Amino acid sequence: MSPRRNRSRGGEKPSGRQDEDRADRYGLESTQSWQGEEWVVRQIGGGAATKHYRCPGCDQEIPPGVPHIVAWQQHSGVDDRRHWHKSCWNARDRRSAKLQRSRNAPRH
């Protein structure tokens, strides 16, 4: 007796599957309220993180392969998306995008 296969053998995908594929690739998306605005928040898995980003919460780099959060105001464009470390997003009330550096701090 051969083992049971859990994967389909090809053919048409069901129509609802496209939304699931998008969620698998880009992460789970939700809406959160912060500073009186509605924000779209998407969790990005390590496999989907392929570029370097700079976190506005800590001004540190997010390297490829690191899971993180992408957030933008609901009524703004894609150019306003910001990539945050998960911990920085959770502490965003204590961390602002207007980071104050000392005079001699390097600017990256």
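The values are calculated or read from the model by the stated rules, or taken from the named source; none is laboratory data. The structure presented is a predicted model; accordingly, all values stated were derived computationally and were not measured. Cβ coordinates were reconstructed from backbone atoms using ideal geometry, including for glycine residues, and neighbour counts include every protein chain displayed.
Among the residues of region 41-88, those that are of a type outside the set (A, V, I, L, M, F, W, C) and part of a strand (DSSP E or B) comprise ARG42, GLN43, TYR53, ARG54, GLU61, HIS68, GLN73, ARG82, HIS83.
Of the residues in region 14-23, none is at pLDDT 65 or above and either aliphatic (A, V, I, L, M) or in a loop (DSSP other than H, G, I, E, B) (or both).
Residues are listed down the side, and each one gets a yes or a no for (1) at pLDDT 85 or above; (2) surrounded by 15 or more Cβ atoms within 10 Å (Cβ to Cβ); (3) among the charged types (D, E, K, R):
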position	(1), (2), (3)
GLU38	yes, no, yes
PRO56	yes, yes, no
HIS85	yes, yes, no
GLN100	no, no, no
